[in-house]
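Chemist: Quick one: this structure, given as structure tokens, is what I'll be asking you about.
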Amino acid sequence: MAGTRAAIRYAKAVLSLATEKQVAEAINADMVLISKTLKANQELDLAIKNAVVKSEDKKAILSQVFPDANAMTLELFKVLDANKRLDLMEAVADKFSDLFDIQNGKESATVTTAVAITEDVEAKVLAKIKELTNKAVTVKNIVDESILGGFILRVGDIQYNASIANKLNKLKRDFTIN
């Protein structure tokens, strides 16, 4: 996706500049807030992504919704506006947070389960991941009933699929090949 690649480029540039000016922590806080706000408010998200809404209106909306944002974040709004890329704001915010975590030795793990995991299970998963990666890890749980049971663990670019659906598919392939 071209949009994703562009979002990564903007995020890398902002992270590099923020690190150089020693405001990366503040910018990350802004990006987390922007991402959460856009995900939680569908009308705001649609307004930012709508091609009919004028770009200066989008910039004004973002500036009003995030008045306490860091000056560098406000500059990012201006740059995205100038390049007609304000529709990428959520993706840039997400990528920035991901890159910031990687830069600071934090890893994000995604655990997909058929039912929500308990705090006890989450603690065990965190301990195991910490043992394997030697990094600080945050766990995000995604509930997907289609996996039937078990779990799918994704840390960085490594995925471990221990779902019942995956095992059933392997059995199905084994029986159809023989």
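Quick note: the coordinates plus some simple rules give every number you see, no bench work behind them. Remember, predicted model here, so these are calculated numbers, not experimental data. Here the Cβ positions follow ideal geometry from the backbone for every residue, glycine too, while neighbour counts run over all protein chains shown.
Chemist: From the list V92, V125, V111, V115, which one is in a helix (DSSP H, G or I) and more than 24 Å from A29 (Cβ to Cβ)?
Modeler: Every option except V125 fails the conditions.
Yes/no matrix, rows are residues, columns are (1) among the aromatic types (F, W, Y); (2) at positive phi; (3) in contact with a helix residue (DSSP H, G or I) (Cβ under 6 Å, 6 or more places away or on another chain):
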site	(1), (2), (3)
L86	no, no, yes
V92	no, no, yes
D98	no, no, no
G105	no, yes, no
A116	no, no, no
E119	no, no, no
K124	no, no, no
K135	no, no, no
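Chemist: For the subset of region 67-126 comprising residues that are polar (S, T, N, Q) and under 12 Å from the mean Cα position of the chain (by Cα), which member is surrounded by the fewest Cβ atoms within 10 Å (Cβ to Cβ)?
Modeler: T110
Chemist: Let me ask something else. Tell me the residue from A91, A82 that is over 30 Å from A109 (Cβ atoms) and small (G, A, S), please.
Modeler: A82
Chemist: In region 1-60, which helices (runs of 4 or more DSSP H) lie fully inside it and hold 1 or more residues that are in contact (Cβ under 8 Å) with a residue 60 or more places away in the chain and touching a Phe, Trp or Tyr at 6+ places or on another chain (Cβ under 9 Å)?
Modeler: Per the criteria, 2-20, 24-40.
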